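Below: one structure, written as structure tokens.
Since every read-out is calculated from the coordinates, none of them should be taken as a lab result. What you see is a predicted model, and the numbers here were worked out from it, not measured in a lab. So basically every Cβ, Gly included, is an ideal-geometry build from the backbone, and we count neighbours across all protein chains shown.
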Amino acid sequence: MQIKVEELKFSYQSRQILSINEGVFESGQIYGIVGNNGVGKTTFFKTLTNIITNYEGHIQLDGQEIRENPRLLTKVGIMLDDMELYKSYTGLFNLHYFGGLRGEFDENKALGLAKKLDLTPEMLSKKVATYSLGMKKKLILLISVMNDAEILIFDEPFRGIDAKSVAWFRDYLLELKRRGRLILISSHVQEDIETICDKVFLLANGNFIATFDLKNQQEVLTYTVSVT
């Protein structure tokens, strides 16, 4: 699968947030989207998933415009840093609800992944309003991966969760890459990006001003100098 972005522009009131000339993302790769706070990483992810649709330009999935074909988003799993859950309902209810939105829900698979994140059946039986920040973050991660989507988008997925869960989730993303998934991830932690990403897009002033191939050692050095 391929996501292709061309001449993408988005403004909020009078402030231009995005002005991306081009970006191409292919299956079987993990892409890091990096940049300072407020440069538009989350906004970019929202345009990819039709949360924001009043943009100019083109976002295509395998040659089809995502904005004109929202059914394409059944192939996409997304975790945003500001994603809302149904806090007055249980964790298990949230799994069923969000899983059902994308079709068939495999509870056994979801519970198996929950175990890897130390989300026990007892925890999932409680209302989300009682969860700690870390538990909520784990539940959102679980929701994003449990339907085995072909494209996965993660906005700061490691922030707020424990080291054990971070280590497992890194390994799981690498496994998903080996299965041919297309993965985009933002993180302010350089180790997260360098450990799992194949390529990095540096977002500044609304545009991708540089790309780095982290399989190329010379480019790794350049990337390290540029973002630290």
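Nearest-5 percent of antiparallel DSSP beta bridges in the chain?
55
Any chance you could run the full-extension gain for Ser88 through Glu107? It's 0.36 nm times the residue separation minus the Cα-Cα distance, nm to one decimal.
4.8 nm
Mind ranking 78-87, 9-18 by how tightly packed they are, going by the mean number of other C-beta atoms within 10 angstrom, highest first?
Listed from highest to lowest mean packing, they are 78-87, 9-18.
Report D for region 108-187 in µm² per second (integer): Stokes-Einstein, Kirkwood Rh on Cα pairs, 4 °C, 1.567 mPa s.
99
How much length, in nm to one decimal, is gained on full extension between Thr120 and Glu6, taken as 0.36 nm per residue of separation minus their Cα-Cα distance?
On the way: separation 114, 0.36 × 114 = 41.04 nm, distance 4.35 nm.
Full extension of this stretch gives 36.7 nm more.
Which pairs in the list Lys4/Lys136; Lys41/Lys164; Lys4/Lys75; Lys4/Lys199 are over 21 Å apart, alpha-carbon to alpha-carbon?
The pairs that break the limit, which is 21 Å between Cα atoms, are Lys4/Lys136; Lys41/Lys164.
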